[in-house]
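One structure below.
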Amino acid sequence: MRRAHEVEYQIHGEDMQFVEIMLDPGESIIAEAGAMMFMDSAIHMDTVFGDGSGKEGSDLVGKLFSAGKRMITGESLFMTSFTNTANEKKCVSFAAPYPGTVIPFDLSDQGGMLICQKDAFLCAAMGINVDIAFQKNIGVGLFGGEGFIMQKLQGDGLAFMHAGGTVVKKELAAGEKLMLDTGCLVAMTRTVEYDIRFAKDIKTALFSGEGLALATLTGPGTVWLQSLPFSRLANRIYSASKAGGSKNKGEGSLLNAGISNLFGGND
């Protein structure tokens, strides 16, 4: 028997998606604080200390330990639960904090566990355990883009993650390797080995624009990749702003730049 609640869902949109969850009477879903978009009036919202899975029990020590692990991943101490208190099906919707794609996972189809980047989790059926996964490889921890700690989702129900841009799913055969930018990894199954490969020479590391190291994933298993990591988007926005010191560098012709300076004021 499933431990997690069996919820229905529908994903809306293409470039800026949100997920609508249909809850039967008494069903619940947990989500990151601030992820809710809209909900029916019969949905009861409650703050949950820890990860909301209920596995930590009712004792204070267990809840403190669960909340402490969430703090390590950079998440809030609290999660929010949404429960249908009506006698008929009701809906609640969740949206990602930046443009991208919402990805549904049935953890029972993934061996009961997924490893994902720290800020990818959006919401999940009540009963899913949101835990942490430590990187044992020092190189991965220092240069893997996600540090020594990633999120680990465990359970037998639906979980939803969000990622930047377009998401692609790749199946890796045993021994098959895939090299990627360290920020482009969204999630992987537990059988995938995550390592780092450094650039072969200093010139490539300094001037290729790809950094000192690339992530290397070795199968067997499944991986999900995103085309636009939020860190890449944030860096581009910052470099194009006045704080980044670009001042219209490379944006149109000299005439356009002059008009922009005249009306927008770079001085």
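Shown is the FRET efficiency for Ser41 and Leu178, computed with R0 = 45 Å from the Cβ-Cβ distance and rounded to the nearest 0.05: 0.45. The calculated FRET efficiency for Met113 paired with Asp24, based on their beta-carbon distance and R0 = 35 Å, is about 0.85. Accessible surface comparison of Met16, Met150, probe 1.4 Å, protein chains only, largest first: the order is Met16, Met150. Residues of region 104-124 with an amide N closer than 16 Å to a point placed 7 Å from the Cα of Thr191 along the Cα-to-Cβ direction: 107-115.
The values are calculated or read from the model by the stated rules, or taken from the named source; none is laboratory data. Since we're looking at a predicted model, the values are computed, not measured. Note: ideal-geometry Cβ built from the backbone for every residue, glycine included; neighbour counts use all protein chains shown. Just the protein is used for accessible areas: all its heavy atoms, side chains included, with ligands, DNA and RNA removed. Shrake-Rupley method; radii C 1.70, N 1.55, O 1.52, S 1.80 Å.
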